[in-house]
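Taking it in order: structure first as structure tokens, then the write-up.
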Amino acid sequence: MTRLARVRTPDGVRVVRIDGDRFIPIDDPYAAFAAGKEIVDAGGPVQGPLGAPCVPTVVVGIAQNGPDHASPVQAWLKSPRTVTGPDQAVTLRRDAGTTVAEAEVAVVIGRDTTGLTAENAHEYVLGVTAVNDLSSPDRSVLDPRNFESKSGEGYTPLGPWIDTAIGLDDDVALSLLVDGEPVCETSAGRYPMSPRACLAYVAGWTTLGPGDVIMMGAPFSASPIRAGVTVEVVVGDLRLRTPTR
């Protein structure tokens, strides 16, 4: 089982596994992961649009995990209320200067991170998804804590699913497309600080839990955008599409 998602059905949101073009409801994948058990199906196929693949209580960003930064890697917090799902239109702020799209690998935590180290980090990770860390960098000059530059409504598109087959050491392709045209192409292997090291750093300061998300930074994968374009973040086989207005 490699693709886990959340589907908005007429009867409410269902957690599913993706089987070809079918959405199969499943029992709580986080409980199964923590118990070391296989995820169990919980009914027949359902239909509906995909939502964000998890509902994080905490969203952590990794700053300075890109090219030519003099400062050490540091973590910061982004409001989980900025999370939105695939194909959901985002209204860019007109009062915050330039908007930048950032294609990033997002790691989804599977269980309480107490005891996580760089060596055993994979034992705490449910899987990987794609994230577009939309930002207003002009505001960072006045707000170095990233609150204003990162807090736009819908500024954390996430999805479309969680891929449980992507490992923390996999050098997956990472690219950013605007209106179908590639503007940035790189890979997870170009992170100066590895995902394992980032996870250990964050877990050393605070405990994360099931469904929480760590965004690993943008290694040569960021570009200014304007309202009206459609942005796509590609992480391996994941393709996250976000229209803007």
* Rg to Rh, two decimals, where segment 1-49 supplies the alpha carbon set and Rh follows Kirkwood -> 0.96
* To do: Using only Cα positions of the chain, each an equal point scatterer, no hydration layer, compute I(q)/I(0) via Debye at q = 0.11, 0.15 Å⁻¹ and quote the log10 values to two decimals.
  => -0.53, -1.01
* Asked: If each residue's Cβ is checked for other Cβ atoms within 10 Å, how do Val172, Val7 rank with the fewest at the top?
  -> Val172, Val7
* Order of 30-38, 234-242 by packing, highest average Cβ count within 10 Å first? -> 234-242, 30-38
* Could you calculate the FRET efficiency of Lys37 with Ala89 from 1/(1 + (r/R0)^6), where r is the beta carbon distance between them and R0 is 22 Å, rounded to 0.05? => 0.05
* Per-selection metrics, segment 163-242 (Cα): Rg and Dmax in Å -> 14.1, 41
* Given H placed 1.01 Å from N in the peptide plane, which residues other than close sequence neighbours of Thr57 have an amide H under 5 Å from its amide H? -> Asp212
* Most to least packed among 210-223, 142-155 [average Cβ atoms within 10 Å] -> 210-223, 142-155
* To do: Average the reciprocal distances over every distinct pair of alpha-carbons in segment 76-178, invert the result, and give the Kirkwood radius in Å.
  => 15.1 Å
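Where a number appears in this text, it was derived from the coordinates with a stated rule and is not lab data. Just so it is clear, the model here is predicted, and its values are computed rather than measured. Here Cβ is always computed from backbone atoms with ideal geometry, including for glycine, and neighbour counts include all displayed protein chains.
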